[in-house]
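K.L.:
Sharing a structure, written as structure tokens. Questions coming.
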Amino acid sequence: MNRLPANLTMGAVTLKVADVEKMLRFYTQGVGLKVISSSPNGYVLGENEPVLFLEHAPELRQAGEHEAGLFHTAFLFTTEASLAYAVAAVASQYPGSFTGSADHLVSKAFYFDDPEGNGVELYFDRPRDQWQWQNGEVKMATLALDPNQFLSTHLTEAGPEVANIGHVHLSVGSIEQAKDFYVNTLGFDITTNYANTALFVAAGGYHHHMAMNIWRSRGAGKRQPALGLGEVRIELGSADELSKLEDFLKHSASQFANDGESIRILDPWGNQVAIRA
């Protein structure tokens with residue numbers, strides 16, 4: 001069985017968007033990403049490396065709320081002060097976009113919807129030595145986290161920080177199918193199975209690099225072309241690791257393409273995953 005390497009990180013997420021300028025303002029002025037490059041087709045956002053691709057696709061329809069696709073993109077900040085800065089920026093500039101906050105034991109998280117309804121998580125990880133593991137699963141919870149108290153404690157003169165993608169959470173039709181694809185085929189480890197309604201997976205002992213839930217999409221079939229998630233990137237530590245994964249996939253029933261840079265593969269719901277060295 002293939003296992004993904006411990007030094008795996010999440011790469012850039014591609015969003016297909018209808019109003020590219022409105023989405024650009026949200027992710028730059030709010031979340032704090034910077035423009036790396038632009039083209040007639042959209043924008044590349046991040047700092048040294050791409051974090052988010054905004055791909056202009058006004059011809060596409062809005063996805064239905066019970067369809068498979070993106071649940072949220074999670075942006076990981078390195079300090080609570082920089083997280084507070086971003087939370088305050090989004091909340092003040094986009095009133096009505098805030099959807100909740102939670103202390104997950106491993107992290108502190110704040111949730112928003114972007115202008116086109118894509119879920120966004122802004123979060124900070126507690127140190128790994130504070131995470132608790134039991135029977136191979138990390139202990140996570142959803143405890144109250146007062147956003148105003150968090151801001152009053154951590155909002156300082158510190159400027160914005162360009163966050164990276166910490167994890168990507170998907171809406172899927174079946175937890176068993178998600179497990180078969182993301183664990184048995186791609187090679188993630190299960191870190192938590194929440195009552196068979198949400199599966200959290202990772203490599204290298206992280207709490208989760210990806211998650212899949214059926215909370216509003218139980219039984220969903222393959223996605224039809226729509227706005228929202230275009231692609232999830234996964235970055236492996238080396239070309240050797242990519243070759244190892246390709247060898248494994250060749251002996252599985254999976255259909256995939258390798259363009260020399262990335263292996264691209266669709267999950268059972270048509271979410272595209274690109275795995276790079």
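K.L.:
About the Cα centre of region 204-272, how large is the charge dipole given +1 on each Lys and Arg Cβ and -1 on each Asp and Glu Cβ? Please answer in debye to the nearest 20.
P.N.:
560 debye
K.L.:
Suppose R0 equals 25 Å. What FRET efficiency, 1/(1 + (r/R0)^6) with r the Cβ-Cβ distance, do Lys34 and Gln130 give to the nearest 0.05? All intermediate terms of the calculation are to be shown ahead of the outcome.
P.N.:
On the way: r = 31 Å, r/R0 = 1.24.
Efficiency, from the Cβ-Cβ distance: 0.20.
K.L.:
Return the distance in nm (one decimal) between the two label points of a simple spin-label model at Gln255 and Asn7, each offset 7 Å from Cα along Cα→Cβ.
P.N.:
It is 3.5 nm.
K.L.:
Measuring with a 1.4 Å probe in the full set of protein chains, what accessible area per residue, in whole Å², belongs to the chain? Each step should come with its number before you reach the end.
P.N.:
Details: 12530 Å² over 277 residues.
With all protein chains present, the chain gives 45 Å² per residue.
K.L.:
For the cross-link pairs Lys16/Lys179; Lys22/Lys139; Lys22/Lys179; Lys34/Lys244; Lys34/Lys108, which exceed 31 Å when the distance is taken from alpha carbon to alpha carbon?
P.N.:
Lys22/Lys139; Lys22/Lys179; Lys34/Lys244
K.L.:
How about region 1-92: which chymotrypsin sites (Phe, Trp or Tyr not before Pro) there lie in a loop by DSSP and see at most 14 other Cβ atoms within 10 Å?
P.N.:
The qualifying sites: there are none.
K.L.:
What are the GluC sites (Glu not before Pro) within region 173-277 that DSSP puts in a loop, where the Cβ has at most 16 other Cβ atoms within 10 Å? Mind showing how you got there, number by number?
P.N.:
Values: sites: Glu176, Glu231, Glu235, Glu241, Glu246, Glu261; in loops: Glu261.
The qualifying sites are Glu261.
K.L.:
Calculate, in nm to one decimal, what Glu137 and Ala277 gain on full extension: separation in residues at 0.36 nm each, minus their alpha carbon distance.
P.N.:
Values: separation 140, 0.36 × 140 = 50.40 nm, distance 2.75 nm.
That works out to 47.6 nm of additional length.
K.L.:
Of the GluC sites (Glu not before Pro) in region 1-107, which ones lie in a loop per DSSP and count no more than 12 other C-beta atoms within 10 Å?
P.N.:
Glu59, Glu65
K.L.:
Counting DSSP beta bridges with both partners in the chain, what percentage is antiparallel, nearest 5?
P.N.:
75 percent
K.L.:
In addition: Please find, in a Gaussian network model of the chain (springs between Cα atoms separated by less than 10 Å), the residue of Pro160, Pro115, Pro127 whose mean-square fluctuation is greatest.
P.N.:
Pro127
K.L.:
Using a 7 Å offset from the Cα along the Cα-to-Cβ direction at both Leu151 and His66, what is the distance between the two label points in nm, to one decimal?
P.N.:
3.6 nm
K.L.:
May I pose another question? Provide Rg over Rh for region 106-149; use the alpha carbon set for both Rg and the Kirkwood Rh (inverse mean inverse pair distance).
P.N.:
Taking Rg over the Kirkwood Rh, I get 1.07.
K.L.:
Further question: Using only alpha carbon pairs under 8 Å that are at least six residues apart, calculate the relative contact order of the chain and give it in whole percent.
P.N.:
25 percent
The values are calculated or read from the model by the stated rules, or taken from the named source; none is laboratory data. Note that the structure is predicted; figures quoted are calculated from it, not measured. Ideal geometry is used to build each Cβ from the backbone, glycine not excepted, and the neighbour counts take in all protein chains shown. Side chains are part of the model used for accessible areas, which takes the heavy atoms of the whole protein and leaves out ligands, DNA and RNA. Shrake-Rupley method; radii C 1.70, N 1.55, O 1.52, S 1.80 Å.
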